[in-house]
Amino acid sequence: VTVTRRLGIRYLWVDAICIVQDDFVHTSIHANDMSAIYSNATVTIAATNS
């Protein structure tokens with residue numbers, strides 16, 4: 001959130017929050033959307049540690 005605010009980006013997609021990770025059906029349905037989500041992203045930020 002801090003990084004997106006500093007970059008002036010209005011929307012943030014967090015797949016761990018936006019896709020229910022422990023529901024196989026939900027994850028399977030939305031996994032197909034990931035290509036479109038990431039390919040249309042302004043910037044992709046990945047964490048190297050949690």
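Of the residues 20, 3, which single one is assigned to a helix (DSSP H, G or I) and not hydroxyl-bearing (Ser, Thr, Tyr)?
3
Given the conditions (1) β-branched (Val, Ile, Thr); (2) under 15 Å from the mean Cα position of the chain (by Cα); (3) at pLDDT 80 or above, which single one is not true for residue 25?
Residue 25 satisfies every listed condition except (2).
Can you give me the number of residues within the stretch 28-41 that are assigned to a loop (DSSP other than H, G, I, E, B), exposed (fewer than 12 other Cβ atoms within 10 Å of the Cβ) and under 12 Å from the mean Cα position of the chain (by Cα)?
Selection size over the stretch 28-41: 1.
The values are calculated or read from the model by the stated rules, or taken from the named source; none is laboratory data. The structure presented is a predicted model; accordingly, all values stated were derived computationally and were not measured. Using ideal geometry, Cβ is built from the backbone for each residue, glycine included, and neighbour counts are taken over all protein chains shown.
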